[in-house]
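*Asks:* Input: one structure, supplied below.
The values are calculated or read from the model by the stated rules, or taken from the named source; none is laboratory data. Predicted model, so just to flag it, every value in this text is computed and none were measured. Methodologically, a virtual Cβ is constructed for each residue, glycine included, from the backbone with ideal geometry; neighbour enumeration extends over all protein chains shown.
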Amino acid sequence: MSAQFVSSLVAAEKLAREERLTESRARKLIAEIVERTTGERLNFFTVRGWFEDWIAGKKISKADATGVRYSNAVTLFLESLGDRADKNIETLRPADITRFFKAEREKGKSLMTCVLNVKVVKMALRSATKMAGLKQNPADGFEMPKEEGESVDREVFTPDGFPVCLAPACPVAGFCLGGRVMIAHRSGAVRGGCQPVR
């Protein structure tokens, strides 16, 4: 086994001398050495490879709608990286997360949508620190912005807010039943908790 180890090192040295030792080839040689000496495979993930594996797992463990939401965020993030999506995951930097966020905002997307997309990226990278050997989560260096005039926090409707909100939409989006308004679950209303509209 030591002869194989030496052989791998000699091969790596020869490639380096000829300026043909790429990062991916070096990682492959190291992985081969580790597998021969320990019997365990050493995986090196590209950004795309890790995110695709992570999404595949989420599609199994989460509701369909959540899987689609995560998948969309990941697709946008990988597109924002261009060719760098096929580089090792260790090459990601906080600036990549910031660039992604800014690019999405410049496309006219809401603050809430952009923040949710970044949160998905952060979750995937947090998993990579635990399962893929990523030393540090580059998304930890990104701070969620607060933008004037737009909040990322949802507030529950109050009885006073219902008429203002539903006046133009009630015939289309709401159900007016006996003077009470039934609205979507995102409003904070629960069964039996809807307020009368005065």
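*Asks:* Name the single residue that is surrounded by the fewest Cβ atoms within 10 Å (Cβ to Cβ) among those in the stretch 99-118 being free of Cβ contacts under 8 Å to residues at least 12 places away in the same chain and assigned to a helix (DSSP H, G or I).
*Replies:* Per the criteria, the residue is Glu106.
*Asks:* If you don't mind, another one. Identify the residue in the stretch 128-151 that is of a type outside the set (A, V, I, L, M) and surrounded by 18 or more Cβ atoms within 10 Å (Cβ to Cβ) and, among all such residues, is modelled with the lowest pLDDT.
*Replies:* Checked the stretch 128-151; the qualifying residue modelled with the lowest pLDDT is Phe142.
*Asks:* Which members of the stretch 62-81 meet the condition of being modelled with pLDDT of 95 or more and surrounded by fewer than 17 Cβ atoms within 10 Å (Cβ to Cβ)?
*Replies:* Result: Asn72, Thr75, Glu79.
*Asks:* Tell me which residues, restricted to the stretch 19-51, are assigned to a loop (DSSP other than H, G, I, E, B), under 28 Å from the mean Cα position of the chain (by Cα) and at pLDDT below 70.
*Replies:* Matches in the stretch 19-51: Arg41, Leu42, Asn43.
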